[in-house]
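Here, each number is a calculation from the coordinates, and none is a lab measurement. Owing to the predicted nature of the structure, the values given are computational and were not obtained by experimental measurement. So basically every Cβ, Gly included, is an ideal-geometry build from the backbone, and we count neighbours across all protein chains shown.
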Amino acid sequence: MLKDLKVVFMGTPEFSVKVLEDLIMNTNVILVVTQPDKEIGRHHEISYSKVKETALNNKIPVFQPINIKTEYDKILELKPDIIITCAYGQIIPNAILSCPKYGCINVHASLLPKLRGGAPIQHAILDGYEETGITIMYMDEGMDTGDIISYEKIKIEEDDTYQTLHDKLSVLGSKLLIKTLPSIIKGENKRIKQNANEVTYGYNIERRDELIDFNKDIKTIYNKIRGLNPAPSAYFNLNDKVVKVYGCEKIDDQSFQDKLNGEIVKLDKKGIYIKAIDGLIKITELQISGKKRMDTSSFLNGNKEELLGVVVNGGSNGKERR
């Protein structure tokens with residue numbers, strides 16, 4: 001039954017690849033729609049999405065409209081049975097939503113109505129959620145507002161990062177989609193209205209969201225660092241240098257309460273200890289601007305004496321409050 005299903009798939013980032021791969025194995029994917037190629041670096045080299053790469057490797061036509069709201073005739077001409085989106089990156093117009101006989105289905109990386117938006121995985125960690133999951137839903141013209149068809153939960157482990165949770169949810173999403181598709185085709189699936197009173201948002205991460213505020217508690221800081229690891233990564237400013245943080249630990253140590261929040265109060269071979277309001281954050285892996293990513297031990301070679309007592313994010317003399 002699924003092998004005869006004509007599917008148009010719409011997606012862009014790495015998260016979407018596993019979903020596309022499983023659709024290729026189980027259905028007839030007739031077109032892949034993804035974001036336009038980008039120019040990167042000083043030499044303006046062309047970079048295209050992992051989704052496009054997967055499509056080309058499987059000899060599937062690729063369509064890359066700049067604005068899907070006005071460039072959609074190619075999709076309509078194919079008369080797909082179903083359109084499936086997964087982190088595509090543009091709002092889908094009604095002309096597309098009303099096109100396929102089985103509707104437009106979205107694979108979303110949260111338990112809707114929680115964390116609508118473009119960065120639900122990061123925000124699940126940033127906002128301290130204990131669980132998240134995948135929702136398969138019908139699309140409408142709102143942002144992740146359509147009826148829920150199926151969902152599956154997953155626990156967020158204490159040591160999960162954006163990358164590890166991303167990978168788990170990508171696999172979970174592809175499996176749940178293939179499991180759910182037969183009920184959609186047979187017309188036996190559920191349509192659950194989202195509860196407007198339970199809505200939260202996982203908006204796209206902006207640069208200001210990446211700065212670590214050491215006036216926060218250690219749990220909040222710990223969640224920010226792992227929730228943005230490896231990209232876009234949390235950071236602090238150290239003597240006019242940007243320091244990206246990839247590894248850290250929470251230290252429940254109240255013996256430095258006379259120090260400033262953000263002050264480097266301790267150094268050893270395993271970490272840089274920075275004071276927050278209720279303890280210390282031990283930095284174990286970092287990357288200073290212009291250098292490679294490294295463990296703290298490597299970073300401290302030659303830097304140890306000049307760092308103790310410096311207040312990060314603190315200004316040119318290292319002792320000013322933010």
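General remarks:
- Springs between Cα atoms under 10 Å define the GNM used for the chain, and in it the highest mean-square fluctuation of 268, 258, 37 occurs at 258.
- Charging the Cβ of each Asp and Glu at -1 and of each Lys and Arg at +1, and nothing else, the dipole of the chain about its Cα centre rounds to 300 debye.
- GNM on the chain, alpha-carbon springs under 10 angstrom: the most fluctuating residue among 44, 108, 123 is 44.
- Cross-link check: pairs 52/101; 38/175; 155/175; 241/282; 59/190 evaluated at a Cα-Cα cut-off of 23 Å; pairs beyond the cut-off: 52/101; 38/175; 59/190.
- What you get for segment 35-172, charging only the Cβ of Lys and Arg (+1) and of Asp and Glu (-1), is a dipole of about 480 debye around the Cα centre.
- Prolate/oblate/rounded label for segment 207-307 (Cα gyration tensor, a/c 1.5): oblate
- Rounded if a/c under 1.5, otherwise prolate or oblate - segment 154-201, Cα gyration tensor axes: oblate
- All Cα pairs of the chain, percent lying beyond 25 Å: 56
- Largest mean-square fluctuation among 153, 52, 291, in a Gaussian network model of the chain whose springs join Cα atoms under 10 Å apart, belongs to 291.
- FRET efficiency for residue 69 and residue 217, using Cβ-Cβ distance with R0 set to 41 Å, rounded to 0.05: 0.45
- Charge tally for residue 160 (other residues, Cβ to Cβ under 13 Å; Lys, Arg +1; Asp, Glu -1): -3.
- Added length on full extension, which subtracts the Cα-Cα distance from 0.36 nm per residue, residue 2 to residue 241: 80.6 nm
- Under Karplus coefficients 6.51, -1.76 and 1.60, residue-wise ³J(HN,Hα) of segment 243-253 in Hz, glycine/proline x: 10, 7, 10, 10, x, 7, 9, 8, 10, 7, 10
- Size of charge dipole - segment 207-307 - debye, nearest 20, with Cβ of Lys, Arg +1 and Asp, Glu -1, no other charges: 400
- Here is the size of segment 70-214 from its Cα atoms: Rg then Dmax, 16.0, 55 Å.
- Anisotropy class of segment 1-105 from Cα gyration tensor, a/c 1.5 cut: oblate
- Span from the segment 1-56 Cα centroid across to the segment 203-217 one, whole angstrom: 31
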